[in-house]
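Below is one structure; the comments refer to it alone.
The values are calculated or read from the model by the stated rules, or taken from the named source; none is laboratory data. Keep in mind that this is a model prediction, so the values were computed, not measured. Cβ placement follows ideal geometry from the backbone for every residue including glycine, while neighbour counts extend to all protein chains displayed. Protein only, heavy atoms only, side chains kept; ligands, DNA and RNA dropped before computing areas. Shrake-Rupley method; radii C 1.70, N 1.55, O 1.52, S 1.80 Å.
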Amino acid sequence: MALPAHLKKALDQGEAVSLAFDHKTGSVSGRVLTPEELEKQHQEASEKFTQGFRPKFLPPLPKPGGSA
């Protein structure tokens, strides 16, 4: 299971990558994420994490940028 050279180089330089592993062939593919894509994924993961630990009896949190 070897990473494609462009992905290894990106990881070595500290860039974010999205990886996919094909279990049938054992190959790895992926692409380098743009800063915007990385920020979007971070925001979505943060929202899911926060929602997962919010007690059910409390009202939902207001959406960012909305009125409180």
Matching residues in region 10-25 - criterion: being open to solvent by 80 Å² or more (accessible area, probe 1.4 Å) and of a type in the set (Ser, Thr, Tyr):
Thr25
Name the pairs: first residue in region 13-38 and polar (S, T, N, Q), second residue in a helix (DSSP H, G or I), Cβ to Cβ under 9 Å, at least 6 apart or on different chains?
Ser18/Glu37; Ser18/Gln41; Ser29/Leu7
Restricting attention to region 1-31, which residues are more than 28 Å from Pro64 (Cα to Cα), in a strand (DSSP E or B) and among the hydrophobic types (A, V, I, L, M, F, W, C)?
Leu19, Ala20, Phe21, Val28
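Let's see how each residue does on (1) at pLDDT 90 or above; (2) under 18 Å from the mean Cα position of the chain (by Cα); (3) hydroxyl-bearing (Ser, Thr, Tyr):
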residue: Ala16; (1), (2), (3): yes, yes, no
residue: Phe21; (1), (2), (3): yes, yes, no
residue: Lys24; (1), (2), (3): yes, no, no
residue: Pro35; (1), (2), (3): yes, yes, no
residue: Lys40; (1), (2), (3): yes, yes, no
residue: Gln51; (1), (2), (3): no, yes, no
residue: Arg54; (1), (2), (3): no, no, no
residue: Leu58; (1), (2), (3): no, no, no
